[in-house]
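*Asks:* Here's a structure for you.
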Amino acid sequence: MRNKSVVTEARQIQLAIDLVNLGARLQVLEAETSLSRERLLKLYKEVKGVSPPKGMLPFSTDWFMSWQPNIHSSLFIDIYRFFGRNARLTGIEAIVRAYRLYLEHVEVNQLECVLSLTRAWSLIRFLDAKMLTTVPCTECGGHFVVHAMDLHRGYVCGLCNVPSRAGKTRQAAANAAAESLHMPAALVTAARVAAKPLRIHQPA
């Protein structure tokens, strides 16, 4: 501990603060930082003013298959992969920056924020573990989250085939979501704008 870099520790603290402000659960902080549980508890209380919620993290992949969660999860993973391809970001840094852009995107398009940071973090872990994957919709061409072991031939997404259980306003909601989700150029522009305040430096 005596040899621990002050700069490294400061970065870990800042990362923990960013995660707490974005709504991360304590288990995410423990997994993604090198700070002790006691320090994380103290930091969480200092930032939020309350103790962290108790209980286990979401562990089922089924949540991501529901209509709205699937749409928002698919949007998030597209943003996450955009940062990976164009800014060469990986791990928790890519998750944090992609989630910030996701929040900005749903706010600009006046959509409900369905995906929490903890869910987004879990989504990446499920993808890395090959429990989930993405496949293209045969009608719109967008990539959507699916169970890796399911049959995907002729897959049609929840935007092109809105389920009846989505509610009376499902078509209006689907149209609004489709307008925001099926505009790659707008997403690229938003990501470029977001990259500047987030201080992303692409390698030369």
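The values are calculated or read from the model by the stated rules, or taken from the named source; none is laboratory data. From a predicted model like this one, the values you see are computed outputs, not experimental measurements. For neighbour counting, all protein chains shown are included, and Cβ atoms are generated from backbone atoms with ideal geometry for every residue, glycine included. Only protein heavy atoms, including side chains, enter the accessible area calculation; ligands, DNA and RNA are left aside. Shrake-Rupley method; radii C 1.70, N 1.55, O 1.52, S 1.80 Å.
*Asks:* What number comes out for accessible area per residue over the stretch 16-66 if the probe is 1.4 Å? Units Å², please.
*Replies:* Numbers: 2940 Å² over 51 residues.
Per residue, the stretch 16-66 has an accessible area of 58 Å².
*Asks:* Within 10 Å of each candidate Cβ there may be at most 14 other Cβ atoms; applying that plus a DSSP loop requirement, which GluC sites (Glu not before Pro) in the stretch 1-89 survive?
*Replies:* none
*Asks:* Name the aspartates and glutamates eligible as straight-distance cross-link partners of residue 48: C-alpha to C-alpha under 17 Å, and not fewer than 8 places from it in the same chain.
*Replies:* Correct list for residue 48: 18, 30, 38.
*Asks:* Need the full-extension length gain, residue 37 to residue 66, defined as separation in residues times 0.36 nm minus the C-alpha distance. One decimal, nm.
*Replies:* Between residue 37 and residue 66, full extension yields an extra 7.1 nm.
*Asks:* Turning to a different aspect of this structure: How much length would be gained if the chain were fully extended between residue 155 and residue 59, taking 0.36 nm per residue of separation minus their Cα-Cα distance, in nm to one decimal? Present the calculation step by step, with values, prior to reporting the outcome.
*Replies:* Numbers: separation 96, 0.36 × 96 = 34.56 nm, distance 2.49 nm.
Length gained between residue 155 and residue 59: 32.1 nm.
*Asks:* Within the accessible area of the stretch 23-129, what % is carbon and sulfur when the probe is 1.4 Å and the other protein chains stay in place?
*Replies:* Accessible surface attributable to carbon and sulfur in the stretch 23-129 totals 48 percent.
*Asks:* Rounded if a/c is under 1.5, else prolate if a/b is larger than b/c, else oblate: which is the stretch 2-105, with a ≥ b ≥ c the root eigenvalues of its Cα gyration tensor?
*Replies:* oblate
*Asks:* I'd like the FRET efficiency for residue 109 and residue 131, computed as 1/(1 + (r/R0)^6) with the beta carbon distance as r and R0 of 35 Å, rounded to 0.05.
*Replies:* After rounding, the FRET efficiency stands at 0.75.
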